[in-house]
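What follows is calculated from the coordinates using simple rules that are stated; it is not laboratory data. All figures in this text were calculated on a predicted structure; none of them were measured in a lab. Please note: Cβ atoms are built from the backbone with ideal geometry, for glycine as well, and neighbour counts cover all protein chains shown.
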Amino acid sequence: MIPINTLLTTSSVVMRTFLPFAPGLYRRPLSTNLPEVSEFEKNDWLAVPTLTELSLCCNGQSMVLRECICLVTMEKNIVQTALQGRNGTIKEYINDGDFQVEIAAALTSECDDYPKDELKKLMDIIQMNDMIEVASDFLDLFNIRNLVVKSYGFNQETHSNRQTFTVCCLSDTPYEIKLQQG
């Protein structure tokens, strides 16, 4: 039974209808107040596309992507050495690599106008040759607070008020180099 004061949005109606029938086929969104959704673990979400809100900030410029899909993957750094007379290779684990984060989203405007201002704002952020601070419930699961843009792309749309895009990034951790005076 849904309480009378519950706000029914399209997504909440879909969630309440779909979740009971396919719990293993659908990954739940991170930010929800639906009682049917339980807690989750970090490993449950690695390499799973997830709808989330994402805040981007770089050099005083900021914007919030209300609904975007993030995909987080990671490749470990392993050195493989071939030895003569032996099939296969010797594997030496070096460390965990960077997380690769793929962001897919759309910019839309309320009326039929093309979202030029939002696109310019996004371009200003992703074209900076600097680390971008990010805030997202989903990326927080992996302790990702900073991203560096590796590539990006835009798809031409048939809608006059919508622009879809993808941004491929690598996680980044700020570091300091300390010089010893000798």
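Computed quantities for the displayed model
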quantity: Cα-based equivalent ellipsoid, region 116-182: semi-axes from gyration tensor eigenvalues, Å; calculated: 32, 15, 10
quantity: Computed label-point distance, nm, for sites Gln156 and Asp117 using a 7 Å Cα→Cβ extension; calculated: 2.7 nm
quantity: Cα centroid separation - region 150-182 against region 96-123, whole Å; calculated: 11 Å
quantity: q = 0.11, 0.15, 0.18, 0.21 Å⁻¹, region 45-182: log10 I(q)/I(0) [Debye, one scatterer per Cα]; calculated: -0.52, -0.80, -1.02, -1.27
quantity: Cβ-based net charge around Cys68, under 11 Å, with every Lys or Arg adding one and every Asp or Glu removing one; calculated: -2
quantity: Cβ-based net charge around Thr81, under 14 Å, with every Lys or Arg adding one and every Asp or Glu removing one; calculated: +1
quantity: Amide H within-cut-off set for Asn146, under 5 Å, with H built and near neighbours excluded; calculated: Val134, Asp172
quantity: R0 of 35 Å, Cβ-Cβ distance Ser62-Tyr93: FRET efficiency to nearest 0.05; calculated: 0.40
quantity: Local electrostatic count, Asn59, Cβ distance below 11 Å [Lys/Arg +1, Asp/Glu -1]; calculated: -3
quantity: Under-5 Å amide H pairs with Met74, H placed in peptide plane, nonlocal only; calculated: Gln100
quantity: Calculated from backbone phi, Karplus (6.51, -1.76, 1.60) coupling profile of region 164-178 in Hz, x at Gly/Pro; calculated: 8, 7, 10, 10, 9, 10, 10, 5, 9, 10, x, 9, 10, 9, 9
